[in-house]
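Participant: First the structure, then my questions, so here it is.
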Amino acid sequence: MDGHEFLAERFEENRSRLKGVAYRMLGSTSEAEDAVQEAWIRLGRSDDRAIENLGGWLTTVVGRVCLDMLRSRRSRREEPLDTGVPEEHAGGPDLGGRPGTDPEQQALMADSVGIAMLVVLETLDPAERLAFVLHDMFAVPFDEIAGVVDRTPAAARQLASRARRRVRGAEPVPDPSLARRREVVAAFLAAAREGDFEALVAVLDPDVVVRSDTGGVGAPALVRGAGTVARRATMFAPFARSSQQALVDGKPAVIAACEGRRFAVMVFTVVGGKVVEMSVINDPARLPGLDLTVLKD
């Protein structure tokens, strides 16, 4: 066995762990594969004889690659959550390419984290997310994490601690008054009907999050930021005019319809008089089973 084959074999020994780190960082199986592939490329360019702890070195590289990808996402203010099966790529393990995709393994990976946890992780700052994932999920020491996030070990510990508090308390507590929450949703719907960008921004929290459940048709989407959400809502104006307010499981919602046919339901979470979360359900299989009460405007 030559040096290249030996290195490829050792890389494969770490692949599952690296993919697990990347998936929890990125929430996307395809992007996780990209991050792992990039680690292999960087390993090929390095002097492997100088690497004492290959597993730690690879984890650091994958962490940095994921950190760059997350920061790039945040600059776009739109972050995909792909829990489906990634497309297959050519190249066997001995070449550092991706092996054939096993749908069962991908499903197990998604289930091991869960959409709920991924959504919570999406609310974290990239450095917080990295510190939390590496330390709390993979037991990476803070001394090593510090090098990835370019902080001191004490600062890295603080990042993980802050992330841990946010994860534990991430579920927003809606305003107690249903009538007040309905007023906010009514204001959102009225602004959407008029295509009024400023009025939409006024009722949205600056860090509002919108999640879409398509039932596996395409990648579930996560959109963040009042400006981005408001711009998308203005494009919704033609449908908003025929939409209706409703309650879904007692939560204020809006039913979107086209020519009398419902095609989506948006469920709102209102905190402090602002919309902080919207869950858009447009999975045809889920819509009929919703506990839904239509309201009069």
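Participant: Contour minus end-to-end for residue 155 and residue 237, with contour as 0.36 nm per residue of separation and end-to-end as the Cα-Cα distance?
Facilitator: Using 0.36 nm per residue and subtracting the Cα-Cα distance, I get 24.9 nm.
Participant: Any chance you could run the full-extension gain for residue 247 through residue 13? It's 0.36 nm times the residue separation minus the Cα-Cα distance, nm to one decimal.
Facilitator: So the extension gain works out to 79.2 nm.
Participant: Rounded to whole Hz and in sequence order, give me ³J(HN,Hα) for the stretch 155-161 from the Karplus expression 6.51 cos²θ - 1.76 cosθ + 1.60, θ = phi - 60°, writing x for Gly and Pro.
Facilitator: 5, 5, 4, 5, 4, 5, 5
Participant: Suppose the chain between residue 202 and residue 290 were pulled fully straight at 0.36 nm per residue; how much longer would it get relative to their current alpha carbon spacing?
Facilitator: Computed gain between residue 202 and residue 290 is 28.8 nm.
Participant: Which lysines does residue 296 reach when only Cα atoms under 20 Å apart count, and residues fewer than 8 places away in its own chain are ignored?
Facilitator: Residue 296 reaches 251.
Participant: Taking the Cβ-Cβ separation of residue 143 and residue 4 as r and a Förster radius of 30 Å, what is the calculated FRET efficiency to the nearest 0.05?
Facilitator: FRET efficiency, residue 143 to residue 4: 0.45.
No value in this document is a laboratory result; all are computed from the given coordinates. Not measured: the values here are computed from a predicted model. All Cβ positions, even for glycine, are placed from backbone atoms using ideal geometry, and neighbour counts span all protein chains on display.
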